[in-house]
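Single-structure report; data block below.
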Amino acid sequence: MSGQRPAPSRAASLLVLVGALGAWWAAGQIRVAGRPLVATPAAALGALSPDAPTLGRDLAATAARAAVGLAAGVVAGLLIGALAVVLVHRAPVIDGLFDFARSVPPVVILPVCLLAFGYNELARIATVAFGCVWTVSLAIITAASSPKSGRREMLEVAGATRLRALAWTQPWESLGVLVVGLRTSASTAVVVAVVTEMISGAEHGLGARVIAAQIAGDTEGLTLDVLASGALGYLVNLGLRGLENWVRRLEA
Amino acid sequence: MSDRTRQESARSGHNEIVAALDRVSVLGGDRPMLREASLSLRAGERVALLGPNGAGKSTLVRVLLGLTAPAKGTVQRAAPGVGCVPQAYAESLFPWFSVLRNVAMPLLVARREDAYDRARSLADRILPGVDPGRRAGRLSGGEKQATALARALASPGDLVIADEPFSAIAASSRERLRRALREELGARALLLVTHDEGDVVDLCERTVRVIDGRTVEASA
C-alpha cells in the first residue's frame, strides 16, 4: 500500500453531486403519509420563483436575529470570560460551572426568556445570546490559561514588565482560540435563531416560515425553507472558516 | 559609556559579575535536573557551556534567566535587557510581525528611539538577502534562528545567552554568523550552549561542562 491519498478529481466531485441529486429525487418519490418525504429538486426549484421575495426577507430577518444575538453573546461572553479569568485560579469550580451552563440546550432557555421579557424580539435575541455566551467565555478562559509562551518569556527576559509582556502577546496568541469559539457560537446562533422562531413564532424569519409551510402542507415550500436554513448556516460557517484559516496562517 | 569603552574596561580586568548561580539545584519530576550547579559570568567574559543531551544545560540557562525557580541555591540574575537565543527559537519569535520588528523587540521594550535603526543594521548583517519587512512566520527554520540571534544582539543588556544558536544554520553560513556574533557582542558577556567544538574555539575563552546536572570548570 502506498499510503498516498488519491488526487482530487473534478469528475469525481461532479459524480458525487449528481449522486446526491439522484438520492434527493429518489427521496421525493417516497410517500409515507400520503405526501412525498421531500419535494424533488425540480419542484423545490419551481417553488423558488414565486417564493423568492418573501424567502429573501425571511432569510434576512433570521440572519439579523442571529447576528444581533451573536454580537450580544460575544460582548457578554468577553466580559464574563474576563471576570472568570481573574477568579478561576482562586475558584476553579468556575470552569465546571461554565461547562455545565454550556451543556444547557439554549432552546430550553427560550421559555425562561419569554416569561422574563414577554413575547417579543428581546426574548428571541436573549435566547440566541445565551447560546453563544458560554462558548465565548470558555474560549477566553482557555486562551488566558495557556502556558507562558516563549514570546512572553523573551519579553520578560528583555526587561518588559509581566503586564506589558502579557499585553504584547496575549491578544495575538488568543486569536486562534477566540476565532474557533466565534465560529462555534455563530453556528449555534443560526440554529437557535431558527428554532426560536419556530417555537415562539415571529413575523418574519425562516423558523416561522418553516412552521407556516408545515401547517399549510406545502412540501415544496418546506423543502426550500430547509435548504435556505442550511445555506445560511453554511455561508456563516464558510466565512468564519476563512477567518480561522487566515489566523492560522498568521500564527504559522 | 560607549561600547568601546565598556569593552576595554571589561577586558582590562574590571570584571564585575553580571550573573551567577551558586550551588543551585532544580528538581524535575523523579530526578534532579541540576545538582548544586555553580557558574559565574563576568563582564565581557565569553563562556561555553558544554555537555551531553539531557545533562541540564538548558535548565541552567532557564534558571539564570529567571524562568525556572531553583529548589535550592542562590541566583544572581543579570540586569534587565539580557539578549537570548532560546533552544525553542521559533516559538520565541512573533510570527505576525516583520523580521525588523522582531529584531527591534528588546530595544522597543527598553523604549530606545534608535530601535529600528539598530535592528535594521543587525538584520542587514545577520540576515543578508532577507527582506526585513517580511513576516517572521514566513521564514525558513535557519532564517528564524538567525532572526533570534539578531534580536539577542540587539538587546541592550550586559549579557547574551545563546542556546545552540547555530543548530539550524547551514554550514556555509555558520562562519559568517560566528564572526557577526563575535564582533557585535562588544563588551557584553556571552554564555554559549553548544555541542560544536568550532563554536568554542572561535567564540569562547572559558568552558564549563554540565554532567548529570553538575557543573565542572574546564579550560577552553
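Just so you know, all these numbers are worked out from the coordinates, no wet-lab data involved. On a predicted model such as this, the values are computed, not experimentally measured, just so you know. Here the Cβ is made from the backbone with ideal geometry for all residues, glycine too, and neighbour counts use every protein chain on show.
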Here the averaged projected area of region B:83-156, based on the convex hull of its alpha-carbon atoms and given in nm², is 4.1 nm²
With the 8 Å Cα cutoff and a minimum separation of six or more residues, chain B has a relative contact order in percent of 29 percent
Over all directions, average the projected area of the Cα convex hull of region A:7-121 and note it in nm². 14.3 nm²
Give me A:Glu251, A:Glu203, A:Glu244 ranked fewest to most by other Cβ atoms within 10 Å of their Cβ, as a rough exposure proxy. A:Glu203, A:Glu251, A:Glu244
Using only alpha carbon pairs under 8 Å that are at least six residues apart, calculate the relative contact order of region B:158-220 and give it in whole percent. 33 percent
Label point distance in nm, A:Thr161-A:Leu79, each placed 7 Å from Cα along Cα→Cβ: 2.7 nm
Which percentage, to the nearest 5, of the DSSP beta bridges contained in chain B is antiparallel? 55 percent
Rounded to the nearest Å, the spacing of the alpha-carbon centers of region B:103-118 and region A:15-31 is 64 Å
Hey, if you drop one equal point scatterer on each alpha-carbon of region A:77-172 and run the Debye formula without solvent, what base-10 log of I(q)/I(0) do you get at q = 0.11, 0.15, 0.24, 0.25 Å⁻¹? -0.46, -0.70, -1.14, -1.18
In whole percents, the bins of 5 Å from zero upward hold the Cα-Cα pairs of chain A as 1, 6, 10, 12, 13, 13, 12, 10, 9, 6, 4, 2, 1, 1, 0, 0
Could you state the angle between the C-alpha long axis of helix A:10-29 and the longest principal axis of the C-alpha atoms of chain A, as a value from 0 to 90 degrees rounded to the nearest 10? 50 degrees
Under the rule a/c < 1.5 gives rounded, and otherwise a/b versus b/c splits prolate from oblate, where does region B:6-122 land using the Cα gyration tensor? oblate
Chain B: Kirkwood hydrodynamic radius (Cα pairs, Å) comes out at 17.6 Å
Under the 7 Å Cα-to-Cβ spin-label approximation, B:Arg179 and A:Leu238 lie apart by a distance in nanometres of 5.6 nm
Rounded to the nearest 500, what is the 222 nm mean residue ellipticity of chain B from helices alone, with -39500 (n - 2.57) per DSSP H run of 4+ residues and division by all residues? -10500 deg cm²/dmol
Could you give the nm distance between label points at A:Ser49 and A:His89, where each point is 7 Å from its Cα heading toward the beta carbon? 6.7 nm
For chain A, what's the relative contact order in percent, using C-alpha pairs closer than 8 Å and at least 6 residues apart? 25 percent
Cβ-based exposure ranking for A:Phe100, A:Phe117, A:Phe130, in which fewest neighbours within 10 Å come first: A:Phe100, A:Phe117, A:Phe130
Hydrodynamic radius (Kirkwood) for the protein assembly as shown, which is based on Cα pairs only, to one decimal in Å: 27.0 Å
First check a/c for region B:127-179, with a ≥ b ≥ c the square roots of the eigenvalues of its C-alpha gyration tensor; if it is under 1.5, answer rounded, and if not, answer prolate when a/b is larger than b/c or oblate otherwise. oblate
Could you give the angle, 0 to 90 degrees to the nearest 10, between helix B:141-154's Cα long axis and the longest principal axis of the Cα atoms of chain B? 80 degrees
Find how many whole Å separate the alpha carbon centroid of region B:23-81 from the alpha carbon centroid of region B:155-220. 16 Å
If you project the alpha carbons of region B:163-220 onto the principal axes, what extent comes out on each, in Å, largest first? 33, 26, 16
Report the far tail of the P(r) of region A:198-245, meaning the percent of Cα-Cα pairs longer than 15 Å. 53 percent
Using the 2.2 N^0.38 Å rule of thumb for compact globular proteins, work out how region B:19-58 stacks up: its C-alpha Rg over that value, please. 1.30
